[in-house]
Amino acid sequence: MASPPSPPSVIHQQRLDQLAAFLHTGEQILAAWDAYSDQHTDPDSWPYDDESYGRRAARRDADTWIAAAQIRPFARELVSTAEVQLQQLPARAVQSHWPWHLTGAEDALDQLDAFEEDYRARLDDLPPSARPGTEAYDDLIDARNAEAWHALNELALHAPVILAIHTTTQRTPPRLEAVAPRPAPTAPAAAAPVARR
């Protein structure tokens, strides 16, 4: 027997947890890259070995693309929910930069969708022999990941606002005008007179 579907609030929390995991993974990838770059470049930031440096950068790009792929199917829904939550919060609870971050996250998702669409079109143009592990296929993947690196960074920069808005929503009562008014209590019906015998 199939288990009953999870309520929307549970699914939303699971997606927020996945977003937090993506952000944590992104921080780790970037920290590892910074450490590598510091050790393998001269004081003017020129790599000691271009080929090794390029391979390591490609790995950074691929790891970040893969991490973002875990949240992209529902990332827009998270942004939309955060926008609704933002409208329901009282002004005193809202940080002025939050709307800007939400717009930035949406723009980054637009860019990533464009890269994905372009990549799929270019993939269709490859000969049938181009499979994962072949130079033509792998070069195309590397190019996509490298081109998407800035947008991936932008997503990682702006997406934490979704978590901040959610946390604030949980701790703050909504604006009074955002709460549906309660229906007025109805007057109790007058008791019918009881006939005396």
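If I filter the range 58-73 for residues that are exposed (fewer than 14 other Cβ atoms within 10 Å of the Cβ) and of a type in the set (D, E), do I get at least one hit?
No, the conditions are met nowhere in the range 58-73.
Which one is nearest to A156 (Cα to Cα) among residues in the range 18-43 that are within 23 Å of the chain's Cα centre (by Cα) and aliphatic (A, V, I, L, M)?
My answer is L23.
If you scan the range 58-70, which residues turn out to be within 17 Å of F115 (Cβ to Cβ) and not in a loop (DSSP other than H, G, I, E, B)?
Of everything in the range 58-70, those that are within 17 Å of F115 (Cβ to Cβ) and not in a loop (DSSP other than H, G, I, E, B) turn out to be A58, R60, D61, A62, D63, T64, W65, I66, A67, A68, A69.
Could you say which residue among Q88, Q28 is out of contact with any Phe, Trp or Tyr (no Cβ under 7 Å at 6 or more places or on another chain) and closer than 28 Å to L140 by Cβ?
Q28
Please state which of the following conditions Y48 fails to meet, knowing it meets all the rest: (1) at pLDDT 95 or above; (2) loosely packed, with under 12 Cβ neighbours inside 10 Å.
Single failed check for Y48: (1).
Have a look at Y36, Y53 and point out the one that is farther than 22 Å from T168 by Cβ, in contact with a Pro (Cβ under 7 Å, 6 or more places away or on another chain) and in a helix (DSSP H, G or I).
Result of the check over Y36, Y53: Y53.
Out of (1) exposed (fewer than 13 other Cβ atoms within 10 Å of the Cβ); (2) at pLDDT 90 or above; (3) over 20 Å from V84 (Cα atoms), the odd one out for S96 is which?
Checking S96 against (1) exposed (fewer than 13 other Cβ atoms within 10 Å of the Cβ); (2) at pLDDT 90 or above; (3) over 20 Å from V84 (Cα atoms), the one that fails is (3).
Can you say whether A31 is out of contact with any Asp or Glu (no Cβ under 7 Å at 6 or more places or on another chain), outside any loop (DSSP other than H, G, I, E, B) and over 19 Å from T168 (Cβ atoms), as far as the supplied structure shows?
Judged against the criteria, A31 is a match.
When you scan the range 71-175 for helices (runs of 4 or more DSSP H) that lie fully inside it, which ones turn up with 3 or more residues that are β-branched (V, I, T) and in contact (Cβ under 8 Å) with a residue 24 or more places away in the chain?
160-171
The values are calculated or read from the model by the stated rules, or taken from the named source; none is laboratory data. Owing to the predicted nature of the structure, the values given are computational and were not obtained by experimental measurement. Neighbour counts are summed over all protein chains in view; Cβ atoms, including those assigned to glycine, are modelled from backbone coordinates with ideal geometry.
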